[in-house]
Amino acid sequence: MREKLMMIAAVLLISILTANLNTDEDPMTVIENLRGVARIVAAITLQNGLSDGSISIENASVELMNIDIPLSDLKKFDKKKMDDFVDKLVEMKNKMSNGSEKAEEAFIKLHEIREQWREHSVKMKDFPKNLSALEGLKKWNTDVFKKVDIDKVSNMKKESEKDYKALETALAALMSEISSLTKTFDTVPAETLLRNLSNLEEFVDIMGQLNTDPFEDLYDFTRIKKDFENPVTVVNKLPTVRKDDSNILDAISRTQLAAGPLKAARLVTTGFTNGFHDLEKIEEDLNNPWMLTVLDPLYNLNGTMSVIRFKAPIEKFHESWSSLTYKDHYRAVKKILKIRFMFDEVSMQNTSHLGATVASNLKSCPRLSIQEKNTGFLKTAVSNIQNIYSKVMTLHNLQKISGNYSSFLIQKKIAEAINYLKENLDNLKKDIDWKTAVEGITDEISTHSAQAIIDYTTHLNCLIGLEGSFKEVATASRIFKTMRSLNISSELAANFKKVSSATAVSIEKIPEILAAGKVIKEDQSSEVRELKKMLLLRNHSRTFGHVSMLLQTVKLAISKDKSIFNTFVNDGEQIAEVSKLEEFQSTRQQISEFIKNAMTWKNGMKVNQSSRLYAYGHHLAALSNLNDVDLHTEKLLEIVEKLEDSGDATTKKKCENLIMSLRKMSGMELKFSKYSSELKEMPRDMMDMLRIFSTPTNEPPEKVDHVGISIFWITLICVAVLVSAAAIYFCFFDWRFPIYKLRQMFKKPVMKTAREGKPPPGGFPNQQKSVGPDGREIREKRKKKDDSDYEMPPPPPPPPTAKDDKAPPTKDNAVPEKKNVSDSKNKPSATDKKEETKMVVEKAAPSKVNLPPLATKKATGERTRDSGDVKTRTTQEKTRPTSTKDEESTNEEKNKKNKKKVDTLAADTTSSTNLVKTRSADTQKFTVDNRKTLDEVPNPEWDKKFEPPNTSEPPPPLPHKKEKAKKAEK
């Protein structure tokens, strides 16, 4: 029992793991589901646009009907005039004579040759006259390249996954060998010369046309002029038909029978890729559970069912075309309208006279002597030129790839490099006699055909210089020729009339379509009103509709069934060989490459089934990597139709399949590069659409700048911030800036001196070097720019020695005072009495005691009104009395006992001063004059308090030094 339970558990575990291994969605299902999203977005946009009037009913109807003609023009279609034109065309065709056929062919050929030479003559101006550059090719020998074994490296491509390094080494050795071989060939001079000589091919083609003497009947045009007037008279009897009627019939028949939906005409219903056929799929899209998971809609989407009302009347519009076919009816319309559109290019009134004028002017150019022999020589020369030119270009390609093969190794494109090498080496390995080929070119051009080239060139230059209505006459002649070749019969006319009748019946249904649009516009149900909350989807409807068109093209290209693309590739190969048309081959190659790229895109799509809408954005952006396809629909259809009419049963069957494939592909969008910018924006657009579906807002989303600020601006901002910070710092803290001075003016002054207060926590810095021998700090006052009369105080006297035992100075032998010169300058003048104010402040003189003079100090102050700066000048003189050794020892003991420092400037506080204030218009000046100093008054107490310092010994240590010394002693 236990074993059975374990087995069941193991089976369940394996099944769960297996189910979770492949959670990615099928690419084909993803494509169809995304097209369903496009249909829902288009339906919401169409309903909201019709409701608010931003989309007209007529424009929406025309696009859903898959036509590109306005409904107002459709209503003007005149069926009777179109039928009368066809009947008269059949009648007049039987009355046309055949006598002017050669003249008509000559007029057509003359116009074609003129236009061909007008374009090619510019290239022939570079035709080389000197062929000496080809002489070096005679010594070439390309047989050495036959020894290069590229097959060995080519066979290693299959094993590249196993041993990539070995393949890389082998390719490098091969490239080295090719590089050494190609170095001996100088291709540059011959390459330029051969490129100019290759223009001779088209010239030889024109010579071949002139050799048939196509203008022979025009030199005797007077003889056949009456025959040429007959078709002109017949065509002039055809009734006139409005151009709009022809355009309407052509557009509707092309839509219904040939090309299918008109991809270029969709503007407001882009999401409906197949027009009204997609309307019935809206209900299926709304019932798809995948939509609810991916979109997560906040609102009810059932209001989109309202636009389905367009489907029934438009289907009635197309009912009348159900019995018509492409082969019988559309081709009949196409043949007859081809003649009708030619009448818009020419007027038949004066065609006969214009033809006679052209033939008369042609006689001014002398007839050309036919030189078929020389033309044959030139054809041989052209063949040799093409052969040699291809081999020279092959050598050039080998030189280029062998020198830059490292880029292929870096990009892991070894397979492409090997294929490229193999293709070029195969061309070089073909046998060629360089000497014979070069001599053939030089002889045939320079010797045999030199005069023929000059004669034909002169004749062609004469033809393009003629004046006349060459284009009008050639167009009229082409109309006559087409009417004869189309085999216009009563059966063809009957098929044409069936198409015009179907068009007239369809136009009768237009009022029903417009009525349905009016009902949709006036629908005000709650479900429709709820769609108005998603108005912003109109910004994404058109772009996502374009993506839906591209997805439809990709789906048909990668389908496992026999698709229309594969039909064109397979059946088109045989048709291309029969028709020998270059367009077939180029289109086949482009379609093959497109299928390959589409399969690569499909294999790269891996999206989890539970993902939201934005998860598909990057895969849709990758669609821009798919190549374009040039279909050449009209030209290919014309050739295939001719082959179908003249071929056997097998060829006819292939032509029918090819025509069917061309018709369907012509209704698809094959120009992916046109939508490259829209595809690259898909990741963001998908995110915006999901936000609109699941967010309760009707405001546009915020625009997010995905690019961001550049590195240059980030660097510039950082540098600006640093410079600004530095500027602010210097402005506020540097005394040279005006802001600093302004800050100092309003700053609260500090009244404490440097010696007040407690020592800092870390102690005073070491200031031994800044202390003088007298124990005071050495400070030098910075001289300012305007302190021209400032004098530094004299240095203190040297310390006394034993020899200097003199009495202390008295008043009689004291040092005389120095008078300050600035005192006399700063005294107020006697003339400025109105502006002067004199104020004298006197203090009581101290007791008369004979003391030695200590100092004489004079100071002047000047205040400037503009700057507010105070400038002070001081002249100070000091005399120090000499002292004996006993006095020095006594002073030393007193200095040790005295712990407080005495401010020597305190002497100024007791001096009696006179302050003189002089006020003028610009400046204010203050003069301090020491009338009588304390030096003149004897005061024995003064000497006790202020004794001169002892400079014979070093000054006492600072307080913090004493504290440290005491702590060290402890």
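Restricting attention to the range 482-496, the residues that are in a helix (DSSP H, G or I), surrounded by fewer than 17 Cβ atoms within 10 Å (Cβ to Cβ) and touching a residue at least 40 places away in the same chain (Cβ under 8 Å) add up to 3.
One line per residue, one yes/no per condition, for (1) small (Gly, Ala, Ser); (2) over 30 Å from Gly465 (Cα atoms); (3) part of a helix (DSSP H, G or I):
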| site | (1), (2), (3) |
| --- | --- |
| Phe276 | no, yes, yes |
| Leu279 | no, yes, yes |
| Met305 | no, yes, yes |
| Ala312 | yes, yes, yes |
| Gln349 | no, no, no |
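When Lys334 is tested against (1) in a helix (DSSP H, G or I); (2) within 50 Å of the chain's Cα centre (by Cα); (3) surrounded by fewer than 17 Cβ atoms within 10 Å (Cβ to Cβ), exactly one condition is not met: (3). Condition check for Ser402 on (1) at pLDDT below 80; (2) buried (at least 17 other Cβ atoms within 10 Å of the Cβ); (3) closer than 30 Å to Glu216 by Cα; (4) among the small types (Gly, Ala, Ser): one failure, at (3). Only one entry in Met668, Met686 is aliphatic (A, V, I, L, M) and touching a Lys or Arg at 6+ places or on another chain (Cβ under 8 Å), namely Met668. Across the range 646-689, what is the number of residues that are modelled with pLDDT under 90, of a type in the set (A, V, I, L, M, F, W, C) and more than 26 Å from Ala557 (Cα to Cα)? Of the residues in the range 646-689, 1 are modelled with pLDDT under 90, of a type in the set (A, V, I, L, M, F, W, C) and more than 26 Å from Ala557 (Cα to Cα).
The rows are residues; the columns are (1) surrounded by 20 or more Cβ atoms within 10 Å (Cβ to Cβ); (2) modelled with pLDDT of 85 or more; (3) more than 50 Å from the chain's Cα centre (by Cα).
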site: Asn211; (1), (2), (3): no, no, yes
site: Thr233; (1), (2), (3): no, yes, yes
site: Asp244; (1), (2), (3): no, yes, no
site: Asn247; (1), (2), (3): no, yes, no
site: Leu257; (1), (2), (3): yes, no, no
site: Ala265; (1), (2), (3): no, no, no
site: Thr269; (1), (2), (3): yes, yes, no
site: Gly275; (1), (2), (3): yes, yes, no
site: Leu279; (1), (2), (3): yes, yes, no
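Against the list (1) of a type outside the set (Asp, Glu); (2) surrounded by 13 or more Cβ atoms within 10 Å (Cβ to Cβ); (3) in contact with a Phe, Trp or Tyr (Cβ under 9 Å, 6 or more places away or on another chain); (4) modelled with pLDDT under 85, the condition Tyr456 fails is (4). Given the criteria surrounded by fewer than 19 Cβ atoms within 10 Å (Cβ to Cβ) and touching a Lys or Arg at 6+ places or on another chain (Cβ under 8 Å), does Glu105 qualify? Yes; evaluated as a whole, the condition is true for this residue. Applying the set (1) in a loop (DSSP other than H, G, I, E, B); (2) of a type outside the set (S, T, N, Q); (3) within 18 Å of Lys498 (Cβ to Cβ) to His329 leaves exactly one unmet item: (1). For the range 275-290, the set of residues classified as of a type outside the set (D, E, K, R) and either within 17 Å of Gly303 (Cβ to Cβ) or in contact (Cβ under 8 Å) with a residue 24 or more places away in the chain (or both) consists of Gly275, Phe276, Leu279, Ile282, Leu286, Asn287, Asn288, Trp290, listed by residue number.
Does Val473 satisfy being in contact with a Gly (Cβ under 6 Å, 6 or more places away or on another chain) and either aliphatic (A, V, I, L, M) or surrounded by fewer than 18 Cβ atoms within 10 Å (Cβ to Cβ) (or both)? For Val473, the condition - in contact with a Gly (Cβ under 6 Å, 6 or more places away or on another chain) and either aliphatic (A, V, I, L, M) or surrounded by fewer than 18 Cβ atoms within 10 Å (Cβ to Cβ) (or both) - is met.
Scanning the range 423-434 for residues that are in a helix (DSSP H, G or I) and surrounded by 14 or more Cβ atoms within 10 Å (Cβ to Cβ) turns up Asn424, Leu425, Asn427, Leu428, Trp434. The range 542-621 holds helices (runs of 4 or more DSSP H) entirely within its bounds, and those carrying 2 or more residues that are small (Gly, Ala, Ser) and at pLDDT 85 or above map to 582-604, 617-621.
Summed over the range 15-65, residues that are in contact with a Lys or Arg (Cβ under 8 Å, 6 or more places away or on another chain), modelled with pLDDT of 90 or more and under 17 Å from Asn608 (Cα atoms) total 2. Among the residues examined, Lys81 qualifies as at pLDDT 80 or above and in a helix (DSSP H, G or I).
Applying the criterion of being free of Cβ contacts under 8 Å to residues at least 24 places away in the same chain and either closer than 18 Å to Leu210 by Cβ or aliphatic (A, V, I, L, M) (or both) to the residues of the range 113-130, the residue that is surrounded by the most Cβ atoms within 10 Å (Cβ to Cβ) is Glu115.
Looking across the range 58-76, the residues that are crowded, with 21+ Cβ neighbours inside 10 Å and either under 29 Å from Asn236 (Cβ atoms) or among the polar types (S, T, N, Q) (or both) come down to Ser61, Asn66.
Restricting Ile418, Ile441, Ile464 to those that are hydrophobic (A, V, I, L, M, F, W, C) and more than 29 Å from Pro128 (Cα to Cα) reduces the list to Ile418.
The values are calculated or read from the model by the stated rules, or taken from the named source; none is laboratory data. Model, not experiment: these values are computed from the prediction. With ideal geometry, Cβ positions are generated from the backbone for all residues, glycine too; neighbour counts draw on all protein chains shown.
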